[in-house]
Amino acid sequence: MKRFLLFIACAATAFTANAAPQEVDFDKLPKNSQEFIQKNFPGEKTKSVEMDREASWDKYTVYFNSGNQVSFEGGTGECSQIIMKTGAVPMTVLPTKVKSYLLGKYSNLQVVSWQTTADGSKVGLSDKTWLDFDKDGNFVKATK
(Lines give C-alpha, C1' and ligand atoms only; values in the text may rest on other atoms or scores of the structure.)
Protein backbone atom coordinates (compact mmCIF):
# COMPACT_ATOMS: atom_id res chain seq x y z
CA MET A 1 0.00 0.00 0.00
CA LYS A 2 2.86 2.38 0.84
CA ARG A 3 4.42 1.74 -2.57
CA PHE A 4 1.13 2.48 -4.28
CA LEU A 5 0.74 5.79 -2.40
CA LEU A 6 4.36 6.70 -3.18
CA PHE A 7 3.72 5.94 -6.88
CA ILE A 8 0.60 8.16 -6.89
CA ALA A 9 2.51 11.00 -5.17
CA CYS A 10 5.38 10.77 -7.67
CA ALA A 11 3.00 10.64 -10.64
CA ALA A 12 1.11 13.70 -9.40
CA THR A 13 4.37 15.59 -8.89
CA ALA A 14 5.59 14.68 -12.38
CA PHE A 15 2.28 15.74 -13.93
CA THR A 16 2.33 19.06 -12.08
CA ALA A 17 5.93 19.72 -13.13
CA ASN A 18 5.09 19.05 -16.80
CA ALA A 19 2.00 21.27 -16.66
CA ALA A 20 3.91 24.30 -15.35
CA PRO A 21 4.95 26.86 -17.97
CA GLN A 22 8.58 26.64 -19.07
CA GLU A 23 10.71 29.61 -20.05
CA VAL A 24 12.05 29.28 -23.60
CA ASP A 25 14.15 31.43 -25.93
CA PHE A 26 12.42 33.83 -28.33
CA ASP A 27 13.72 31.80 -31.29
CA LYS A 28 11.71 28.77 -30.06
CA LEU A 29 8.50 30.57 -31.01
CA PRO A 30 6.96 29.50 -34.33
CA LYS A 31 8.39 31.64 -37.15
CA ASN A 32 5.10 33.44 -37.86
CA SER A 33 4.81 34.34 -34.14
CA GLN A 34 8.28 35.89 -34.22
CA GLU A 35 7.36 37.86 -37.35
CA PHE A 36 4.08 39.00 -35.72
CA ILE A 37 6.01 40.42 -32.74
CA GLN A 38 8.62 42.10 -34.93
CA LYS A 39 5.96 43.68 -37.18
CA ASN A 40 3.38 44.77 -34.59
CA PHE A 41 5.51 45.41 -31.49
CA PRO A 42 8.80 46.75 -32.90
CA GLY A 43 9.54 49.03 -29.94
CA GLU A 44 8.90 46.43 -27.24
CA LYS A 45 11.74 44.67 -25.40
CA THR A 46 11.07 41.00 -24.65
CA LYS A 47 11.37 40.18 -20.96
CA SER A 48 10.60 36.45 -21.27
CA VAL A 49 8.82 33.81 -23.33
CA GLU A 50 6.90 30.95 -21.70
CA MET A 51 5.64 27.76 -23.25
CA ASP A 52 2.65 26.23 -21.49
CA ARG A 53 1.76 22.66 -22.42
CA GLU A 54 -1.98 22.57 -21.87
CA ALA A 55 -4.18 19.47 -22.22
CA SER A 56 -4.16 19.20 -26.01
CA TRP A 57 -1.99 22.06 -27.35
CA ASP A 58 0.98 24.24 -26.55
CA LYS A 59 0.62 27.94 -25.88
CA TYR A 60 3.39 30.52 -25.99
CA THR A 61 3.21 33.80 -24.12
CA VAL A 62 5.63 36.64 -24.75
CA TYR A 63 6.06 39.05 -21.84
CA PHE A 64 7.47 42.51 -22.52
CA ASN A 65 9.34 44.79 -20.12
CA SER A 66 6.38 47.21 -20.35
CA GLY A 67 4.04 44.63 -18.77
CA ASN A 68 2.26 43.97 -22.06
CA GLN A 69 1.87 40.38 -23.22
CA VAL A 70 0.98 38.44 -26.37
CA SER A 71 -0.06 34.77 -26.52
CA PHE A 72 0.14 32.38 -29.47
CA GLU A 73 -1.22 28.93 -30.23
CA GLY A 74 1.73 26.55 -30.34
CA GLY A 75 0.61 24.46 -33.28
CA THR A 76 -0.26 27.27 -35.68
CA GLY A 77 1.67 30.15 -34.17
CA GLU A 78 -1.44 32.33 -34.56
CA CYS A 79 -1.98 35.15 -32.07
CA SER A 80 -4.72 34.24 -29.60
CA GLN A 81 -4.55 37.02 -27.00
CA ILE A 82 -3.04 40.46 -26.41
CA ILE A 83 -3.10 42.22 -23.04
CA MET A 84 -1.82 45.77 -22.84
CA LYS A 85 -0.78 47.29 -19.51
CA THR A 86 0.57 50.37 -21.29
CA GLY A 87 -0.58 51.69 -24.64
CA ALA A 88 -3.15 50.15 -26.96
CA VAL A 89 -3.45 46.98 -29.01
CA PRO A 90 -2.05 47.83 -32.45
CA MET A 91 -4.95 48.32 -34.86
CA THR A 92 -2.94 46.36 -37.45
CA VAL A 93 -3.66 43.10 -35.61
CA LEU A 94 -7.44 43.47 -35.54
CA PRO A 95 -9.67 42.00 -38.25
CA THR A 96 -10.79 44.66 -40.75
CA LYS A 97 -14.50 44.62 -39.78
CA VAL A 98 -13.67 44.79 -36.06
CA LYS A 99 -11.31 47.71 -36.66
CA SER A 100 -13.95 49.56 -38.72
CA TYR A 101 -16.58 49.04 -36.03
CA LEU A 102 -14.24 50.32 -33.31
CA LEU A 103 -13.21 53.38 -35.30
CA GLY A 104 -16.87 54.20 -35.99
CA LYS A 105 -18.30 53.64 -32.50
CA TYR A 106 -15.42 53.81 -29.99
CA SER A 107 -12.75 56.01 -31.57
CA ASN A 108 -12.26 57.89 -28.28
CA LEU A 109 -11.27 54.71 -26.36
CA GLN A 110 -8.18 52.52 -26.46
CA VAL A 111 -8.29 48.80 -27.16
CA VAL A 112 -6.44 47.29 -24.18
CA SER A 113 -7.21 43.61 -24.74
CA TRP A 114 -8.03 41.33 -27.66
CA GLN A 115 -8.55 37.58 -27.71
CA THR A 116 -9.90 34.89 -29.95
CA THR A 117 -12.84 32.84 -28.70
CA ALA A 118 -14.64 29.75 -29.95
CA ASP A 119 -17.28 32.03 -31.48
CA GLY A 120 -15.05 34.81 -32.84
CA SER A 121 -13.19 37.41 -30.81
CA LYS A 122 -13.50 39.63 -27.77
CA VAL A 123 -12.19 43.19 -27.42
CA GLY A 124 -11.57 44.98 -24.12
CA LEU A 125 -11.70 48.78 -24.09
CA SER A 126 -10.04 51.25 -21.74
CA ASP A 127 -13.40 52.06 -20.05
CA LYS A 128 -13.82 48.35 -19.09
CA THR A 129 -16.34 47.64 -21.87
CA TRP A 130 -16.05 44.23 -23.54
CA LEU A 131 -17.22 43.80 -27.12
CA ASP A 132 -17.95 40.41 -28.66
CA PHE A 133 -17.61 39.78 -32.40
CA ASP A 134 -18.53 36.68 -34.40
CA LYS A 135 -16.09 34.80 -36.65
CA ASP A 136 -16.96 37.11 -39.56
CA GLY A 137 -16.09 40.21 -37.51
CA ASN A 138 -19.70 41.29 -36.97
CA PHE A 139 -20.55 42.98 -33.67
CA VAL A 140 -22.58 40.72 -31.33
CA LYS A 141 -22.85 42.44 -27.94
CA ALA A 142 -21.26 44.80 -25.44
CA THR A 143 -20.90 44.21 -21.68
CA LYS A 144 -19.42 46.22 -18.83
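The values are calculated or read from the model by the stated rules, or taken from the named source; none is laboratory data. In this text, all values refer to a predicted model and were calculated from it rather than measured experimentally. A quick note on method: Cβ atoms are made from the backbone with ideal geometry, for glycine too, and the neighbour counts reach across all protein chains shown.
SER107 fulfils the conditions (1) assigned to a loop (DSSP other than H, G, I, E, B); (2) over 23 Å from LYS39 (Cβ atoms); (3) in contact with a strand residue (DSSP E or B) (Cβ under 7 Å, 6 or more places away or on another chain) except for a single criterion, (3). So for segment 44-56 (the condition being among the hydrophobic types (A, V, I, L, M, F, W, C), at pLDDT below 95 and touching a Pro at 6+ places or on another chain (Cβ under 9 Å)), does at least one residue qualify? Within segment 44-56, one or more residues are among the hydrophobic types (A, V, I, L, M, F, W, C), at pLDDT below 95 and touching a Pro at 6+ places or on another chain (Cβ under 9 Å). Among the residues making up segment 57-79, those that are at negative phi and either assigned to a loop (DSSP other than H, G, I, E, B) or modelled with pLDDT under 90 (or both) are TRP57, ASP58, ASN65, SER66, ASN68, GLY74, GLY75, THR76, GLU78. Restricting the search to segment 132-144, which residues are assigned to a strand (DSSP E or B) and either free of Cβ contacts under 8 Å to residues at least 24 places away in the same chain or more than 11 Å from VAL98 (Cα to Cα) (or both)? Selection gives ASP132, ASP134, VAL140, LYS141, ALA142, THR143. Residues of segment 27-58 that are surrounded by 11 or more Cβ atoms within 10 Å (Cβ to Cβ) and of a type in the set (A, V, I, L, M, F, W, C): LEU29, PHE36, ILE37, PHE41, VAL49, MET51, TRP57.
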